[in-house]
């Protein structure tokens, strides 16, 4: 029985939802058995990356910094080509997406679309969904020969009248699902935000998503996002000198925020706010402190991008000893083992407050946040390839076929591979920074 996808304008494609995280979407794909032909395409300098479902010719476009799904593209089978999945709308299977049937029956009338005069592609847009009709030179060339510009808005509906009055089927080549009133407005908003430098771009994207979720963004908001009572971390601030992490929830049954404090917060309290971990590990201590052996327990919250280490001592409550925050960097060996935790560091330097989101390079962060330690710390090298690539230890969630377009640009693949998987560990103040050797980006931060 073929898999079924439901067209959900402004929301997503079946179980794949707009603004869901990469980690969440991939786990959903795994649960549906779509795991053998996923291709991950990225360019390190790009603000977007793509997850391709090869068998279904479906492309999922994610923001590279926040790792959230922005829009979905379905490349449809053309006449005579078989469908290997069912595409539904409002519960009914639809395998014929022809201009007249879309406009007159499936979705109904809408505002006139627009035409790319260079490619002669016509875009018919509804709220949250857009249909592309590729290469309509034969149908529209004479009608647009007198019109100026390369991107023509069909203001008077004359082009639409030609297409609806066609004597033969004009088939849709692809469908785009997005959040917004129209594809022209939504795509312009994304184009305006994505070229920003990393820090402003992240804040602008976060603000846009928060406005959409609150229903206050006139361009992109069509309805509020339903969190279904689940726990979703919206943001986290690590107060370095105070040795605590503030977690703000985008979704939680009872709470808006929660502080985890090193040496104070207990395991029971963490369970109350975050729930049980996805996995755990007990580490036996090698020495004695009086009658209490120095054992520790590691709780892995893969779904949040967190590890929490507790100090185990008989006769006392287990308290937080360390917090490990993961960035889920695309080019790290740990990619897709953890959700990306959207965290930032906060520290007062002299009389100046430094609040830094971990998306830039480590060298810059160290100079800004730790000027007293900006040059005198030598790193410890950690080669994760030595043990992570062992099949018994390798991340089972990492099921992508990776395509890095940098290779096509002629860079030295052998040199990149030598650096890949090698981290530098810097211990500065109350933090341990794991920094990727190949580009100085921060893979994780441990607060202790």
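Taken together, the values in this text are just the output of simple stated rules run on the coordinates, not laboratory data. Treat the numbers as computed from the prediction; the structure is a model and nothing was measured. Please note: Cβ atoms are built from the backbone with ideal geometry, for glycine as well, and neighbour counts cover all protein chains shown.
Extension gain, residue 3 to residue 28, is 7.7 nm, computed as 0.36 nm per intervening residue step minus the present C-alpha separation. When each of 172, 238, 313 is scored by the number of other beta-carbon atoms lying within 10 Å, the sequence from fewest to most is 313, 172, 238.
Ranked by the mean number of other Cβ atoms within 10 Å per residue, highest first, peptides 126-134, 242-250 order as 126-134, 242-250. If both residues of a DSSP beta bridge must be in segment 3-187, then about 90% of such bridges are antiparallel. Relative contact order of segment 3-187: 24 percent, from C-alpha pairs under 8 Å at least 6 residues apart in sequence.
Out of every Cα pair in segment 3-187, what percent are spaced more than 21 Å from each other? Present the calculation step by step, with values, prior to reporting the outcome.
Values: 8865 of 17020 pairs.
Counting every Cα pair in segment 3-187, those more than 21 Å apart make up 52 percent.
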